[in-house]
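Reviewing the structure listed below.
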Amino acid sequence: FPALALLLARKPSAVKFWAMCIAILIGGIALRTSVWLHFDALQPQRAWFVEDVYYPTWNRLDGLLMGVMLLMVGNGMQGSLLGIRGAIEGFRTVEISIVISSYFVGFLAGSLMVPGMIRRVGHVRVFSALGSVISAGLVLYPVAPEWFLWSVLRVVIGFSFCGVYITAESWLNQL
């Protein structure tokens with residue numbers, strides 16, 4: 001995997017990105033398969049690791065990690081394509097730069113406010129609520145092609161993404 005990361009860092013391309021994703025997926029499948037195949041061969045005093053640690057941990061983490069991965073891929077695509085769409089809509093360069101940078105205003109606000117939200121209502125509710133806000137915000141971009149509204153949406157989406165990331169990381173720490 002380090003070789004793939006170095007390869008990707010030198011000249012990023014879609015082919016290298018997908019090759020790295022497939023290699024990570026195959027590595028995870030190989031690890032799970034090897035643990036599954038060798039479960040019977042493990043000595044009785046070591047079988048507790050598979051039953052009590054490995055499978056319960058991965059069963060709890062799979063959904064969370066897959067959800068965060070999909071959100072990150074979508075966020076990267078949205079951030080890249082929003083500037084292009086703004087140019088198509090006829091926004092000036094200054095307006096596009098304000099729209100794109102508004103994300104980080106929301107991200108900063110989220111870093112200050114989301115920990116209190118998690119303490120009040122819990123990880124599951126915050127994660128699902130902010131994920132829903134992200135989805136609703138993304139749907140509103142084509143409905144109202146105004147740069148000021150897009151800036152407000154970017155602040156809201158930045159806040160929500162920050163909240164999702166904080167929630168996922170603090171959730172992992174509790175497992």
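The values are calculated or read from the model by the stated rules, or taken from the named source; none is laboratory data. Keep in mind that this is a model prediction, so the values were computed, not measured. When we count neighbours, we look across all protein chains shown, and the Cβ atoms used for this are built from the backbone with ideal geometry, even at glycine. Side chains are part of the model used for accessible areas, which takes the heavy atoms of the whole protein and leaves out ligands, DNA and RNA. Shrake-Rupley method; radii C 1.70, N 1.55, O 1.52, S 1.80 Å.
One residue is enough: does the range 116-137 have a residue meeting the conditions of a type in the set (D, E, K, R), more than 15 Å from the chain's Cα centre (by Cα) and farther than 23 Å from Leu172 by Cβ? Don't jump to the end; show me each part of the working.
Looking only at the range 116-137, we keep the residues that are of a type in the set (D, E, K, R), and these are 119-120, 125.
With the extra rule that they be more than 15 Å from the chain's Cα centre (by Cα), the set shrinks to 119-120, 125.
If we keep only those that are farther than 23 Å from Leu172 by Cβ too, we end up with none.
Taking every residue of the range 116-137 in turn, none turns out to be of a type in the set (D, E, K, R), more than 15 Å from the chain's Cα centre (by Cα) and farther than 23 Å from Leu172 by Cβ.
Yes or no, residue by residue, for (1) surrounded by fewer than 21 Cβ atoms within 10 Å (Cβ to Cβ); (2) at pLDDT 95 or above; (3) touching a His at 6+ places or on another chain (Cβ under 7 Å); (4) in a helix (DSSP H, G or I):
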position: Val99; (1), (2), (3), (4): no, no, no, yes
position: Phe104; (1), (2), (3), (4): yes, no, no, yes
position: Met117; (1), (2), (3), (4): yes, no, no, yes
position: Val126; (1), (2), (3), (4): no, no, no, yes
position: Ala136; (1), (2), (3), (4): yes, no, no, yes
position: Pro142; (1), (2), (3), (4): yes, no, no, no
position: Thr167; (1), (2), (3), (4): no, no, yes, yes
position: Asn173; (1), (2), (3), (4): yes, no, no, yes
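Out of the range 106-115, which residues are open to solvent by less than 20 Å² (accessible area, probe 1.4 Å) and of a type in the set (Gly, Ala, Ser)? Before you say what the answer is, go through the steps one by one.
Residues of the range 106-115 that are open to solvent by less than 20 Å² (accessible area, probe 1.4 Å), as a first pass: 106, 110, 114.
The answer is Gly106, Gly110.
Tell me which of these Thr93 doesn't satisfy, since it passes every other one: (1) modelled with pLDDT of 90 or more; (2) surrounded by 15 or more Cβ atoms within 10 Å (Cβ to Cβ).
All conditions are met except number (2).
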